[in-house]
Amino acid sequence: MKKRENEDNAIESFIEILQKLKGVVYKKESFPEKENRKTKDVEAILAPKDIDVQSPKIAVEHTIIEAHEYQIAYANQSYDLVIKINQKCQGKLPINYHFQIIIPPALIIGSNNKSRNRFVEEISNWVLDMAKTLNIGQWTSKLYNGYKVTLECAESISQLNGIGRLTTGPKEPENERQNRFYRAIEEKLPKLIKYKEKGYSTALLLEDVSGSYSNLGSLYYSEFQSKIDYVISFISYENKMIVGNVCKNNEEIPDNLRFSFGIKPIIGCKMNFKFL
């Protein structure tokens, strides 16, 4: 996931929200952080396109909220590993069956190419042995370096004959997600407060890729009081914003503060999670 691309798309979506909320068309005026990387500055400054419009400039910060530490790296790297396992198993699996493999993050994050290649070789051989013994809905596990790898016979679809992937999540996903949220506030607030004191409005864009997508409006409400003018919780898929919720002033976000950007999530995308 490219942070700069996510940031640009989130800001564009925020500009669309501003136009609907305020009736004012904003433009990206500058990117202080990009222009001077030595200073811890805000990511963007927005200004009204019409210089005669009496609306304040807005200092904007964007951050990605993961469900747990290294979620994105784990999702991408596990996806690549399962592709390699599937390639080794192609043509050797029971016909018409589709299998799912679950690899815990501890076996992936921080591993080098040599250990990953060894993992693919050993697990591929295990998958081929176990696949012959499983019927639909059955599963089996193997301990690998002290961590459980799980193989499940998912369904009977000839077009999907092969190995797919499910990712594991933390045992307490909401706590993990809240911790990530707190860290985002601690990192971003000082930058925004500096601009608030200069007379700017401030905006925090939270791009939620956690997969849980629960309401952020009721969480940390006191943190936003008088410090941030706009808190937008985005749901995204492949860098594109799907939904944006204006969540500062309401514990339950009303329909008129929920904005859709016309992009529908795809079933079976990389970020699907199975909590174990």
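The numbers here are math on the coordinates, done by the rules we state, and not lab data. Worth saying up front: this structure is predicted, and the values here are computed from it rather than measured. A quick note on method: Cβ atoms are made from the backbone with ideal geometry, for glycine too, and the neighbour counts reach across all protein chains shown.
Amide H contacts for Ser30 (H built 1.01 Å from N in the peptide plane; partners 5 or more residues away or on another chain; cut-off under 5 Å): Ile45.
Here the peptides 230-236, 20-26 are ranked by packing, the mean other Cβ count within 10 Å, and the order with the highest first is 230-236, 20-26. Taking the number of Cβ atoms within 10 Å of each Cβ as an exposure proxy, the fewest-first ranking of Ser78, Ser201 is Ser201, Ser78.
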